[in-house]
Amino acid sequence: MKARVPVERIALREWMLLSLLILALVAGLAGTQTLGRADQVWYDRCLQINSQPARDDIIIVAIDDYSLRELGKWPWPRPRHAELLRQIDAAQPLAIGMDLLFSEADPAGGDSQLAEALTLSNKVILPLVSESAGQGLSASRPLPMLAGAARQLGHIHLELDKDGVARSLFLREGSNGEWWPHFALAMQEVANKVAPGTEASLPGARLPVQQRKEQRTSDAGGVWQRDYRMHIPYYGSSGHFQSVPYVAVLRGEVPAAFFRNKYVLIGATATGMADSFPTPVSADDGMISGIEINANILASLLDGRSITLAPALPAVLCNLLLIALALLAYQLLSPRTALLINGSLIVATLIASFLMLRYAGYWLPPSAALLGLSIAYPLWSWRRLEAAILYLGEEFSLLDKEPHLLPEPAATEPAERTPALSDTLEQRINAMRSAASRVRDLRQFVSDSLSSLPDATLVTTTDGNVLLSNQAARDYFAGLGFSAVNDALAPYLFAGMSHPQSVTQGRDRGFSWWNLLDLQHSKSMAQGVEVRDGRQNDMLIKSAPCYNADRQLAGWIISLIDISAIRAAERSRDETLHFISHDMRSPQASILALLELQQDPATALPQAEFLARIEKASRITLALADNFVQLARAESQDYRYETVDFQDILLDAGEEMWSLAKSKNIRIGTDIAVGEYPVSADRALMTRVLTNLLSNAIKYSPRDTTITCSLQLRQSLADAQVICTISDQGYGIARADQNKLFQRFQRLRNSGQPHNDGVGLGMVFVKAVLDRHHAQITFSSVPDRGTTFHIKLPAVLI
């Protein structure tokens with residue numbers, strides 16, 4: 001027979017295989033940046049959300065459309081630029097950046113005036129760019145006159161990604177050993193009076209030596225070099241920084257104090273003239289002019305902000321960590337919880353990526369992890385479903401081979417059958433439907449069988465947790481104060497039980513679950529073990545083991561049988577045998593002894609005394625036998641109920657006891673209101689109840705006293721009761737003996753009261769008859785003052 005692989009091993013194997021594949025995929029994607037375009041989309045969106053307020057100390061003097069209309073078309077004469085510089089420099093700005101290329105001489109000869117203005121200011125930075133030179137690159141500088149007059153030169157290159165978006169730049173670029181700072185960095189250095197190349201530190205990532213060179217050499221054998229790559233933390237889109245028109249400054253319309261201690265950038269923003277670029281924050285505006293991009297770069301340098309890209313290894317590890325958390329959730333948690341965690345990880349990845357970029361300036365590409373999380377759960381669900389279908393198919397086949405315990409209804413052939421699908425899913429669904437129906441039928445069969453058992457029955461696990469219980473068990477434990485039985489612990493249910501022997505011997509030794517476990521493993525549980533519960537009922541506990549299909553112990557079936565009636569009958573039998581051996585035997589032995597004495601003339605008694613003694617012994621025997629017969633009838637099932645007036649029964653009993661009361665000069669009085677007192681009762685037995693009570697009242701009362709009998713009819717909306725009260729002025733019952741009044745063969749006697757021949761069955765008879773009539777009897781007694789009995793019977797409403 002082929003060994004079956006447990007479903008846990010199947011699921012674990014599928015999980016490990018899927019985990020390795022997903023982790024390898026995510027590691028490859030994160031390491032090779034295959035999803036770089038998707039990362040750039042989220043990167044741009046984060047920068048758009050992460051807008052920062054513009055710095056107040058950065059001013060753009062814009063060569064805009066308005067200035068072109070007022071001053072004429074471009075290019076403008078160099079003296080005009082010189083005049084602008086003189087006006088701005090008079091306000092003592094921190095630095096001036098002229099983002100204008102002066103690579104050709106002014107035809108009007110105004111370069112000298114501009115050079116003079118540059119020299120006088122000594123705060124102006126001019127741009128340079130690289131240009132193609134054969135197969136290489138070379139620097140395109142301003143005119144030597146202007147370059148020499150400027151405080152510093154700075155390159156204005158931006159690094160365009162493959163999608164053409166300007167996201168980064170190199171803070172230092174150069175050729176043939178000569179380095180130039182970026183235009184914005186040069187402005188910061190001029191304001192801080194720092195010489196180029198002497199900066200304490202620069203933001204951005206340094207490139208390895210072999211990557212600092214542009215892979216295109218010039219004809220002269222030089223190379224273009226770049227270093228300190230910085231990703232720009234854009235502050236905002238076009239128009240974010242303060243801007244004034246060129247012509248307004250030139251005409252003096254802007255106060256000079258406006259530029260004091262400010263960074264002033266001069267450049268073109270006019271349509272068709274400015275060197276504009278797409279940026280991450282210009283999605284809606286199209287492109288941003290170069291001078292505004294330089295303003296963003298300068299602001300980030302002044303604020304010490306930059307964006308650092310996560311290296312390949314940390315990026316791979318972070319992405320793998322997220323995938324590993326999701327995979328662990330798939331294996332350890334429920335599908336719904338795993339799905340929630342998977343979705344939460346996707347959202348958390350996006351939020352964490354944004355927060356790290358906003359507050360730490362650290363960019364961790366999330367696309368690899370997002371793709372892994374997006375495909376991992378569907379793949380895991382598919383593989384788990386496949387494994388479940390495979391396992392269930394094998395289990396259904398084995399289940400179908402098992403013998404069917406219950407008859408199954410015969411399949412009816414429809415008159416016209418529609419073509420059925422025969423794919424695997426349809427087959428598994430049909431098999432599942434059949435197995436589920438069979439399990440439901442079997443469970444119902446077990447449940448009905450358990451419920452039909454007359455004794456309280458529990459089905460528990462090996463550690464005592466109750467799985468099933470029948471109605472008899474639930475009713476029994478409800479009487480002990482346990483509202484819930486299913487899912488309760490058997491040790492808790494059995495905690496209040498004890499051994500009957502320990503109770504009778506005065507030792508309250510509890511019967512615990514562990515005692516039951518010890519007995520379950522012994523042969524004594526075949527006969528059962530006897531305990532006594534909290535209601536003083538004698539119970540017999542039996543147990544049988546339950547095994548699973550692999551013959552391993554799975555639980556216990558525990559039955560509780562109420563043997564209180566059996567034990568009560570045994571005690572009654574023992575008491576009766578004791579009575580017969582003593583009380584019944586004594587008068588008979590007395591008669592035999594009298595007969596023997598009478599045969600000898602020397603010991604013979606006078607005839608009258610002899611007959612009196614014989615009569616007395618015979619009457620005692622007859623009374624004892626009569627008491628037994630009456631008690632047997634009271635405890636039998638043969639009652640003749642009829643609707644009678646209870647006052648008639650009370651009067652009959654009083655008439656019957658009149659002569660006995662007369663012998664002691666005891667008066668029997670009645671206090672009965674006019675009316676009817678209908679009850680459903682066996683008249684003869686109920687009359688005997690009242691005569692027993694009256695007889696006891698007479699026997700245990702001194703001479704010349706009164707016995708009072710009264711009746712009441714008490715009615716309410718729910719029911720009605722007849723209350724009979726019999727009160728005497730006798731010797732009373734000692735408090736210590738009051739709880740023995742309704743027990744067999746109990747003869748209660750106070751000191752000083754006369755001896756009475758009784759066997760202790762009269763009150764047992766009274767209690768038995770009243771119980772069969774659903775009546776209640778209570779009493780109150782004070783020694784030497786008397787006893788009062790109250791009988792409450794259900795009245796018959798007419």
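Of all residues in segment 662-682, exactly one satisfies the criterion of being more than 30 Å from residue 794 (Cβ to Cβ) and either open to solvent by less than 30 Å² (accessible area, probe 1.4 Å) or touching a Gly at 6+ places or on another chain (Cβ under 9 Å) (or both), namely 666. Within segment 659-682, residues that are closer than 20 Å to residue 696 by Cβ have Cβ atoms under 8 Å from residues that are of a type in the set (A, V, I, L, M) and open to solvent by 60 Å² or more (accessible area, probe 1.4 Å) in these pairs: 670/651, counting only partners at least 6 apart in sequence or on another chain.
State all residues of segment 723-760 that are among the hydroxyl-bearing types (Ser, Thr, Tyr) and at pLDDT below 85; if no residue qualifies, say none.
Taking segment 723-760 first, the residues among the hydroxyl-bearing types (Ser, Thr, Tyr) are 725, 727, 731, 751.
Once the filter is applied, which keeps residues that are among the hydroxyl-bearing types (Ser, Thr, Tyr) and at pLDDT below 85, segment 723-760 yields only 751.
Per the conditions (1) assigned to a helix (DSSP H, G or I); (2) open to solvent by less than 60 Å² (accessible area, probe 1.4 Å); (3) touching an Asp or Glu at 6+ places or on another chain (Cβ under 8 Å), the sole criterion not satisfied by residue 191 is (3). Residues in segment 772-796 that are within 57 Å of the chain's Cα centre (by Cα) and of a type in the set (Lys, Arg): 2 in all. Among the residues of segment 435-446, the one identified as in contact with a Leu (Cβ under 7 Å, 6 or more places away or on another chain), open to solvent by 60 Å² or more (accessible area, probe 1.4 Å) and over 20 Å from residue 545 (Cα atoms) is 441. Against the numbered list (1) modelled with pLDDT of 90 or more; (2) open to solvent by less than 30 Å² (accessible area, probe 1.4 Å), residue 110 comes up short only at (1).
Every residue, every condition in (1) modelled with pLDDT under 85; (2) within 60 Å of the chain's Cα centre (by Cα); (3) surrounded by fewer than 20 Cβ atoms within 10 Å (Cβ to Cβ), yes or no:
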| site | (1), (2), (3) |
| --- | --- |
| 200 | yes, yes, yes |
| 212 | yes, yes, yes |
| 222 | yes, no, yes |
| 249 | no, no, no |
| 284 | yes, yes, yes |
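Among residues that are closer than 27 Å to residue 297 by Cβ, assigned to a loop (DSSP other than H, G, I, E, B) and open to solvent by less than 20 Å² (accessible area, probe 1.4 Å), residue 100 is included.
The C-beta contact set for segment 447-464 (first residue more than 13 Å from residue 486 (Cβ to Cβ) and open to solvent by 50 Å² or more (accessible area, probe 1.4 Å), second residue modelled with pLDDT of 85 or more and part of a strand (DSSP E or B), distance under 6 angstrom, 6+ apart or interchain) comprises 455/559; 455/561; 462/553; 462/555. Among the residues of segment 592-611, are any acidic (Asp, Glu), at pLDDT 80 or above and touching a helix residue (DSSP H, G or I) at 6+ places or on another chain (Cβ under 9 Å)? No - not one qualifying residue is present in segment 592-611. Scanning segment 289-297 finds one or more residues that are crowded, with 16+ Cβ neighbours inside 10 Å and assigned to a strand (DSSP E or B). Annotation: of all residues in segment 49-65 being surrounded by 15 or more Cβ atoms within 10 Å (Cβ to Cβ) and of a type outside the set (A, V, I, L, M, F, W, C), the one that is nearest to residue 280 (Cα to Cα) is 50.
The values are calculated or read from the model by the stated rules, or taken from the named source; none is laboratory data. Remember, it's a predicted structure, so these values are computed and weren't measured experimentally. Because the Cβ atoms are built from the backbone with ideal geometry, glycine has one as well, and the counts that use them run over all protein chains shown. When the accessible area is computed, the model is the full protein with side chains, heavy atoms only, and any ligands, DNA or RNA have been set aside. Shrake-Rupley method; radii C 1.70, N 1.55, O 1.52, S 1.80 Å.
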